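Asks: First the structure, which I've put down as C-alpha cells, then a few questions once you've had a look.
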Amino acid sequence: MAIKEEKIEILPFMNDLNNFLEACMFARISKNNESKLKFNKLFTEKFDYFFFHGAANTFKTFINWWESHKQDNSWIGITGSWRTFNQNVIDDISTIVREIINNKFGVLTGGALGVDYIANEIVLREGDPESQLRIVLPINRYDYIRRLKEASRSEEIINISQLGAMARQINYIDGNFKKVIFDESSFDSEKFLENSNYRQDCYFFRNNLIGYVCDGLVPFWVNDSLGVGDTVEFVEFLRKPVFKLDYFKYNIDEKGKDVIEDYSKLRIP
C-alpha cells in the first residue's frame, strides 16, 4: 500500500523571514555605534525640554539594565496595534513569534495589550522567558496597572477582561521571571496618569527604546496605527532590518463582528 505523503504548507513569508533573521544577526554586530549616534540626535530633536529630563534619566537607567540582562541572543522587536485585532492577526503573530523563539532569538515588546500581549503569551508558554523575553514598560508596573484600571472604569478605552488579562500576565512574569520587565522609569507618575499628551510621549519614547536596542523589527500594523508607524520609521532611521510591511498590514473594521475585545475568548493556536 502506497504511503500518502503529507504536504507541508510553506507560508509565503517564511523564506523572507529566514533572510530577515540573518540580517538581524548581522545588524547586531554592525549597527551598535551608529544607532547610538542617531538615537542621540533624534532624541534631542523630538522631545521638548520639560519631557527631556525624565527621558534622559530613563534612557541611562534602561541602557544599564539592558547591558546586564540582554544575554547573548539577537533580539527581535515586536510592535503592533493594541486596540483592534482579529483572529487573523493572532494567527500571524503566533506563527512569527514561534519561528523567532524556535530559532533561538529573543522577543522584545512594550507590554501593551493586543499584539504585545499575544507575543508575550507565546514566549511564556513555549519559549524560555528568562532568556527569550524582554518587556519595556513606559512607567513603573504599579502605575501602569493603575492606568489600565482607570481606563477600564468607563470601558470606553479597555474593558475588564483586558485589564484582568494584562494584570495577570505582568504579575505572573514579575513573580517568576525577574529579569524580563524593565519599568525603572524616571517619568512623572502623576503626569503619566493625568496628562494624555505626556502619557503619549512616554509610550512613544518606550517604543524608541525598543527600536534602539532591537536587532530588527516585525510590525503588525492595523489601520495605520500612529504608534506602529512611528516605531517603524525610527528603526528604519537607524538602518536596522524591518520585516516586510506588506505581510502584516491590516485594515480592520473597528466595529466588525470579527474584532476580539473579550480576552477570555482569545484563541492562541
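The values are calculated or read from the model by the stated rules, or taken from the named source; none is laboratory data. In this text, all values refer to a predicted model and were calculated from it rather than measured experimentally. When we count neighbours, we look across all protein chains shown, and the Cβ atoms used for this are built from the backbone with ideal geometry, even at glycine. Accessible surface areas use protein heavy atoms only, side chains included; no ligands, DNA or RNA. Shrake-Rupley method; radii C 1.70, N 1.55, O 1.52, S 1.80 Å.
Asks: If you go through the range 208-223, how many residues are more than 22 Å from Gln71 (Cβ to Cβ), open to solvent by 10 Å² or more (accessible area, probe 1.4 Å) and outside any loop (DSSP other than H, G, I, E, B)?
Replies: Final tally of qualifying residues: 1.
Asks: I've got another one for you. Could you tell me which of the residues Val97, Val123, Val107, Val89 is outside any helix (DSSP H, G or I) and hydrophobic (A, V, I, L, M, F, W, C)?
Replies: Details: Val97 fails: outside any helix (DSSP H, G or I); Val123 fails: outside any helix (DSSP H, G or I); Val89 fails: outside any helix (DSSP H, G or I).
Unique residue meeting the criteria: Val107.
Here's the yes/no breakdown for (1) within 19 Å of Trp75 (Cα to Cα); (2) free of Cβ contacts under 8 Å to residues at least 40 places away in the same chain; (3) in contact with a helix residue (DSSP H, G or I) (Cβ under 9 Å, 6 or more places away or on another chain); (4) open to solvent by 10 Å² or more (accessible area, probe 1.4 Å):
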| site | (1), (2), (3), (4) |
| --- | --- |
| Ala119 | yes, no, yes, no |
| Ser131 | yes, no, no, yes |
| Val136 | yes, no, yes, no |
| Ile145 | no, yes, yes, yes |
| Lys149 | no, yes, yes, yes |
| Leu163 | no, yes, yes, yes |
| Met166 | no, no, yes, no |
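Asks: Please work out which residue is modelled with the lowest pLDDT, limiting yourself to the range 59-76 and to residues that are open to solvent by less than 10 Å² (accessible area, probe 1.4 Å) and out of contact with any Lys or Arg (no Cβ under 9 Å at 6 or more places or on another chain).
Replies: Residue satisfying both the conditions and the ranking: Phe62.
Asks: Which ones in the range 159-185 are assigned to a loop (DSSP other than H, G, I, E, B), polar (S, T, N, Q) and within 20 Å of the chain's Cα centre (by Cα)? Before the answer, list the steps.
Replies: As a first pass, look at the range 159-185 and keep what is assigned to a loop (DSSP other than H, G, I, E, B): 159, 177-180, 183-185.
Okay, now just the ones that are also polar (S, T, N, Q), so 159, 185.
Scanning the range 159-185 gives a single hit, Ser185.
Asks: Search the range 47-105 for residues being over 21 Å from Ala27 (Cβ atoms) and among the acidic types (Asp, Glu), and hand back the single one that is farthest from the chain's Cα centre (by Cα).
Replies: Asp48
Asks: Turning to a different aspect of this structure: For residues in the range 168-207 being among the small types (Gly, Ala, Ser) and in contact (Cβ under 8 Å) with a residue 40 or more places away in the chain, which is surrounded by the most Cβ atoms within 10 Å (Cβ to Cβ)? Walk me through how you get there before you give the answer.
Replies: Of the residues in the range 168-207, the ones among the small types (Gly, Ala, Ser) are 175, 185-186, 189, 196.
From what's left, in contact (Cβ under 8 Å) with a residue 40 or more places away in the chain: 185-186, 189.
Numbers: Ser185: 25, Ser186: 15, Ser189: 15.
Checking each candidate, the answer is Ser185.
Asks: Looking only at the range 223-269, count how many residues are among the aromatic types (Phe, Trp, Tyr) and either at positive phi or free of Cβ contacts under 8 Å to residues at least 24 places away in the same chain (or both).
Replies: Here is the first cut: in the range 223-269, the ones among the aromatic types (Phe, Trp, Tyr) are 234, 237, 243, 247-248, 250, 263.
From what is left, the residues that are either at positive phi or free of Cβ contacts under 8 Å to residues at least 24 places away in the same chain (or both) are none.
Going through the range 223-269 one residue at a time, the tally reaches 0.
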